[in-house]
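Encoded as structure tokens, the structure appears first; notes follow it.
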Amino acid sequence: MGHSEVLRARTEVEAEIRGRTLVDWFRDAARQDADAPALSDRISDTSGDHWKTLTWGEYRQTALELAAAYIEAGVRHGDVVALMLPNRSEHLLADLGAVHAAAVPLTVYATFAPEQIAYVAADCRAKVAVIDGADQLARWQPVLDQLPELHTVVVRDAAVLPPPPQGGGPRFVSWDDFCESGRRRHAADPSEVEERMAGLRPGDAATMLYTSGTTGSPKGVAETHHQVLYQVTVAMRATRLPHRGITLSYLPLAHIAERVLSVYMPIRVSAHIHFCPDPVQVGAYLGLVRPNGLFGVPRVWEKLQAGLTAALGAAPQEQRDAIEAAAEVSRAHIAAGQYGRQRDPELAERFARVDEQVLKPIRALIGLDRAEFFASAAAPMPEEVLRFFSGLGITVRDIYGMTENCGAVTVNREDGYKFGSVGLPLDGIEVRIAEDGEIMVRGPINVTGYLNRPEESAALIDEDQWLHTGDIGRMDDDGFLYVVDRKKELIITAGGENIAPAGIESLLKEHPLIGQALAYGDRRPYPVALLTLDAEVAPGWAGSAGLGVSDLAELAQHPAVLAEVERAVTEANRRLARVQQVKRWRLLPVEWTAESEELTPTLKLKRRVIQTKYADAIDELYGS
């Protein structure tokens with residue numbers, strides 16, 4: 001897309017959202033689809049397991065009443081309200097209630113330790129915290145004395161509500177009592193909430209997020225109403241999202257991608273959001289919900305692949321042969337649909353036949369039979385995972401973006417995708433590659449900087465309004481963007497070779513046994529790797545191999561497992577240049593998780609943490 005076309009598209013979008021805020025979109029949705037289902041939670045009671053649902057009319061009315069509750073609690077225009085709840089209706093109600101009070105909701109990662117909570121809440125000067133239950137209370141209580149501006153803590157689970165504090169500190173109130181105070185106040189005088197809403201401007205903050213901390217302390221980022229509306233509008237242009245579609249919310253709402261998909265975009269299309277409060281249960285919830293699409297980081301897709309592979313592996317050989325034959329047709333059909341190619345009509349006809357007879361029933365096994373949009377972001381998608389799902393008629397399209405861009409920058413579209421790329425720029429967004437290979441972005445979705453960090457803000461946005469992403473990439477002749485690695489994560493070997501670790505790690509993780517991989521080699525003579533087993537796949541693999549062992553630590557030392565991992569490393573090396581090849585590796589007896597701090601809450605590697613934590617193991621690989 002040429003510069004004039006980019007500006008023309010930008011002008012169109014700006015005209016569509018000019019003067020509007022989220023509360024305007026929400027009002028429209030509640031008026032047009034008042035009786036349509038909006039929010040559903042899975043609950044268990046005396047009548048069994050079932051969904052509890054709020055309509056769009058009820059959703060907005062509750063948000064207005066909660067806005068009144070915030071006002072009664074002393075929240076002013078622009079104050080930050082911190083949220084720590086799982087994916088459930090109360091999370092979105094508390095969030096949009098704050099927005100209607102002209103406050104700024106901030107979802108704090110549920111895995112944050114007390115000291116991280118103290119840092120974030122103090123940095124943004126949060127005035128109110130809305131938390132879920134005992135686990136969240138245990139994380140907040142130790143640091144409340146470090147947060148003098150936090151005056152109210154709302155606890156959803158009244159059973160764990162602590163007694164009034166002796167002396168100073170914030171007041172505690174149950175969620176039910178907080179909601180009731182809002183109902184009373186709003187019924188008595190709805191005008192004060194209307195005044196707050198009328199006072200909102202497109203340039204006001206709609207939410208605050210903190211980066212997940214891959215490269216140090218989390219940094220605060222405010223996203224404005226204008227950025228959010230622009231992001232949703234251009235994302236909808238690039239994807240197929242039906243009016244009143246069905247969605248599943250399961251990823252952390254502290255992440256911009258999930259906020260766009262589960263908070264903001266549903267408002268525009270009056271979608272029906274189903275909540276999965278525990279991401280571990282996503283497989284079960286997919287079968288219950290059968291959403292119209294699925295977004296997941298690569299690890300989510302890897303786990304879905306592992307589960308489905310195990311299920312299909314138990315099928316009779318004749319059925320497995322039929323599935324593989326259909327999968328080859330599907331892979332050829334999807335590959336032929338890439339940008340610049342043209343599908344053969346006969347191939348399209350063969351695909352339609354095997355899709356209906358073989359592949360759609362398999363997709364139904366994991367609840368994706370009516371899904372039409374499949375996407376991934378945050379890290380490179382392993383080639384083997386893409387190949388597996390394309391064999392099921394599923395095109396997982398990579399997206400690229402950052403918190404600092406309010407979500408997506410580039411998208412692989414249904415009518416324009418290339419495997420290995422992260423797609424084409426969204427409408428009105430400019431992307432270029434700097435001389436040193438850094439990806440630069442310019443457009444209305446960019447933030448203006450980081451909260452309370454003037455030096456880092458100045459380094460983020462230059463004088464020409466180009467945002468420096470910190471990622472290394474390239475663009476092909478068709479305008480598709482390819483992300484190579486993080487600028488600061490490039491390995492420079494002792495021989496002066498520049499190596500992108502993500503490419504090595506992606507190939508290593510193509511073997512189902514390997515759950516996580518970290519390639520290392522900065523200022524060293526050659527790359528080495530730290531590896532972990534996939535906690536879900538490894539026990540099953542061991543059982544099939546007749547090892548009689550299921551414990552991860554024992555499996556990491558078993559000769560058969562080590563031999564299989566050696567084969568995986570050899571296969572990865574076969575596809576790497578000599579300077580990129582892993583010369584030595586170590587299989588660790590643990591799993592890396594966000595709780596054990598090797599991964600961010602969005603499951604990206606915390607390289608510095610891992611390199612520090614396993615410094616001795618790395619030294620041993622170099623014979624130090």
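The values are calculated or read from the model by the stated rules, or taken from the named source; none is laboratory data. Computed from a prediction, not measured in an experiment: that's the story for all the values here. In this analysis, Cβ positions are derived from the backbone assuming ideal geometry, glycine residues included, and neighbour counts consider all displayed protein chains.
Filtered by the rule that a residue be small (Gly, Ala, Ser) and at negative phi, the range 379-400 gives Ala379, Ser390, Gly391. Taking every residue in the range 265-291 that is closer than 16 Å to Leu308 by Cβ and pairing it with any residue that is charged (D, E, K, R) and surrounded by fewer than 18 Cβ atoms within 10 Å (Cβ to Cβ), at least 6 positions away or on another chain, the pairs with Cβ-Cβ distances below 8 Å are Arg290/Asp369; Arg290/Arg370. Within the range 186-213, the set of residues being surrounded by fewer than 19 Cβ atoms within 10 Å (Cβ to Cβ) and part of a helix (DSSP H, G or I) comprises Ala187, Ala188, Ser191, Glu192, Glu194, Glu195, Ala198. Being in a helix (DSSP H, G or I) and of a type outside the set (Ser, Thr, Tyr) is a condition met by no residue of the range 473-486. Answer yes or no as to whether Ile246 is hydrophobic (A, V, I, L, M, F, W, C) and buried (at least 22 other Cβ atoms within 10 Å of the Cβ). Answer is no for this residue.
Tell me which residues, restricted to the range 163-182, are more than 30 Å from Gln61 (Cβ to Cβ) and either β-branched (Val, Ile, Thr) or touching a helix residue (DSSP H, G or I) at 6+ places or on another chain (Cβ under 9 Å) (or both). Matches in the range 163-182: Pro165, Gly168, Gly169.
Taking the numbered list (1) modelled with pLDDT under 90; (2) surrounded by 18 or more Cβ atoms within 10 Å (Cβ to Cβ); (3) not polar (S, T, N, Q) in turn, Ile334 passes all entries but (1). Would you say His77 is surrounded by fewer than 13 Cβ atoms within 10 Å (Cβ to Cβ), in contact (Cβ under 8 Å) with a residue 60 or more places away in the chain and either farther than 26 Å from Gly245 by Cβ or among the hydrophobic types (A, V, I, L, M, F, W, C) (or both)? Answer is no for this residue.
Output yes when any residue across the range 136-147 is closer than 23 Å to Arg196 by Cα and surrounded by fewer than 24 Cβ atoms within 10 Å (Cβ to Cβ), and no when none is. Looking through the range 136-147, none of the residues is closer than 23 Å to Arg196 by Cα and surrounded by fewer than 24 Cβ atoms within 10 Å (Cβ to Cβ). Do the conditions hold for Leu359, that is, is it at pLDDT 95 or above and surrounded by 13 or more Cβ atoms within 10 Å (Cβ to Cβ)? Here the answer is yes, as Leu359 does meet what is asked. Counting only helices (runs of 4 or more DSSP H) that fall entirely inside the range 498-605 and contain at least 3 residues that are farther than 25 Å from Thr111 by Cβ, the qualifying elements are 501-508, 537-544, 559-574. Among residues of the range 444-473 being within 24 Å of the chain's Cα centre (by Cα) and of a type in the set (Gly, Ala, Ser), the one that is surrounded by the fewest Cβ atoms within 10 Å (Cβ to Cβ) is Ser457. Of all residues in the range 245-270, those satisfying the criterion of being part of a loop (DSSP other than H, G, I, E, B) and either touching a helix residue (DSSP H, G or I) at 6+ places or on another chain (Cβ under 7 Å) or polar (S, T, N, Q) (or both) are Gly245, Tyr250, Leu251, Pro252, Leu253, Ser270.
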